[in-house]
Amino acid sequence: MTVPETLPIIPAPALVERHDAGFPLTPDTPIVVSDPELRSVASLFGEHPVVETSDAPAIRLDLTPDDAALAELSPTEGVRADHLPADAERYGLTIDDTGVRIWATHPAGIHRGLTSLRQLIDRSPELPGVRILDAPRYAWRGLSFDVVRTFHDRSTVESVLDLLDRYKFNVLHLHLTDDQGWRLEIDGWPELTTTGATGASGDRPGGFYTQADFAAIVEYARARFITVIGEFDMPGHAGALVKAYPEFSRPAEPSEEFPMPVARLDDTNPRLWQLVTDVLTQLSALTGARFVHLGGDEAFGLSSDFHRRFLNRAIDIAHGLGVQVIGWQEAARAELGAGDIAQHWIDFADRFDEMTENMPSELPAEVAEALVEAFKEATQDLPAAIARGVAILLSPVSFFYLDRPYGEPVSDPKQEERRTRLGLEPYGRVSLEEAFDFEPGALMQTPATIVGLEAAIWCESITDRQDLEFLLLPRLPGIAERAWSPAGSTWADFRARLAREAPVWSATGRTWFAAPSVDWQLT
Ligand code: TNX
């Protein structure tokens, strides 16, 4: 009998069979590892003694070279951001009266199995009798996190990694550079952080990660089988770079009129290319990922010739370093090739009129018009790139932008204050159910190779960690469900499992939006 909906696990596992004999877990139930390689995974799970042999009832972790039951699961679709094998995250988990057994062909799978076990334990240490066989639907399951508009320190980033880990995400994409700030120390270019990192949006404090901080974040992520992807956004969004090194700025060309101040980079300056090379070299060495993100979005007030020329040169540099490239949708105008990725975000082409109405009133009409024109143009970018073999990472605003404001009013005044203040009004408000109502496979009009799914959290409206968590929870687990679980989970089933996450968020001091459309379980 397959009844996945009755198990309190998000994202729902691929296959679940229930039986009667469960197991009462206690804090001294040992974890028995089949291989010393699994010690670190077992220790991260915490509490239980880790041993290599025991006859007692135990949590047994077995690395197996191959496994017939796991091999029958549907293959994972897409592209991994790291160098692990495609099936590294699949696992089996059984619970019966002899204890718990988790098996996988790679430590990553053991870790994902322990994550499912963790969620069962959070519900009750009286574990149910089950047999789970599980594998991710998509290979790339990420969150893009803007640490520029509001700077979030290392401890906040690590607490976001804990959330990603709980829902089996495997990519954290850090948006490290933008007009308002530069967030990563780069050897040889001190002004990037001494000058470029001082600001943020509005009068918020700036900040940056030293290389040691950043390495620690990457290591924290790696221990949880999460890859960090770093973004150096270019040639638009270059305000902080130009503030740090004004020598890299140039005046507008006649074709580049724009009704708003724009930072323009001087691509004829060889020192600028030394900087680009140094940043991409250091960033990819620090992350160890297969990809580096070049931004490429919203090249407002830059000629298309310049935008393309600039990105082409940066793409060549990255490829020369042996890394593949990701860029936002508009970067697909440049020579991304097979093996590179375009991140699809503009899916609001038919809602421009609505959006224009909701634009902030202080935005001059001619700016709003110019933005809309740029977005319309960007809707043309993907089909040509797909035809050249560029793969697509799905982040369309409607379902993946967690800065889309919440639609359901709440009576608690503190919650309602956050709900009305947070997020960007032009995107339109959305209920939890509407935000969950999508099938990833149906999001692209042009058939394409889908790498996976990535949520995005932009921080223009977010002032601190509480605001951040309020927009992440509860929509983030819904994206995890679409990214990992087999197609088709229903809102009714998901909503019941989501309700059971509330005590865990509260016990760990998280701030979260208590939408009235869910019967939150409070204990
Ligand atoms: C568009 S998404 C941007 C960001 C903003 C975001 C707000 C993208 C590639 N560029 O600069 O922060 O909208 O949602």
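FYI, it's all coordinate maths here, none of it is from the lab. As the structure is a prediction and not an experimental result, all values here were calculated from the model. Here Cβ is always computed from backbone atoms with ideal geometry, including for glycine, and neighbour counts include all displayed protein chains.
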Next item on the list: Report the full-extension gain for the segment LEU522 to GLU52: residue separation times 0.36 nm, less the Cα-Cα distance, to one decimal in nm.
Entry: 165.3 nm
Notebook entry, point to check: If amide H atoms are built 1.01 Å from N in the plane of the peptide, which residues on other chains or at least 5 residues away come under 5 Å of the amide H of CYS459?
Noted result: ASP146, ARG149, THR150
Note to self: For the chain, what does the helix formula give at 222 nm: sum of -39500 (n - 2.57) over DSSP H segments with n ≥ 4, over the residue count, nearest 500 deg cm²/dmol?
What the structure shows: -9500 deg cm²/dmol
Check: What ³J(HN,Hα) values, in whole Hz, does the Karplus curve 6.51 cos²θ - 1.76 cosθ + 1.60 give for the stretch 40-50 when θ = phi - 60°, with x put for Gly and Pro?
Finding: 5, 5, 5, 5, 4, 5, x, 6, 7, x, 9
Notebook entry, point to check: By the scheme Lys and Arg +1, Asp and Glu -1, what is the net charge of all other residues having a beta-carbon under 14 Å from that of PHE400?
Noted result: -4
Check: Which ³J(HN,Hα) values, rounded to whole Hz and listed in residue order, are derived for the stretch 237-250 from phi using the Karplus coefficients 6.51, -1.76 and 1.60 in 6.51 cos²θ - 1.76 cosθ + 1.60 with θ = phi - 60°, glycine and proline given as x?
Finding: 6, 9, x, 5, 4, 6, 5, 6, 10, x, 4, 8, 8, 9
Check: Using the Kirkwood formula over every pair of different C-alpha atoms, what hydrodynamic radius in Å results for the chain?
Finding: 24.0
Note to self: As an exercise, find the ratio Rg/Rh for the stretch 366-523 from alpha-carbon atoms, using the Kirkwood inverse-distance average for Rh.
What the structure shows: 1.00
Notebook entry, point to check: Spin-label point model (7 Å from Cα, Cβ direction): what's the ASP412 to HIS19 distance in nm?
Noted result: 4.2
Margin query: Under the rule of at least 5 residues apart or a separate chain, name every residue whose amide H is placed under 5 Å from the amide H of TYR209.
Written below: LEU184, GLU185
Note to self: Taking every DSSP beta bridge with both residues inside the chain, roughly what % is antiparallel (nearest 5)?
What the structure shows: 30
Checklist line | With Cα atoms, 0 to 90° folded angle of helix 154-166 axis to the chain main axis | finding: 50
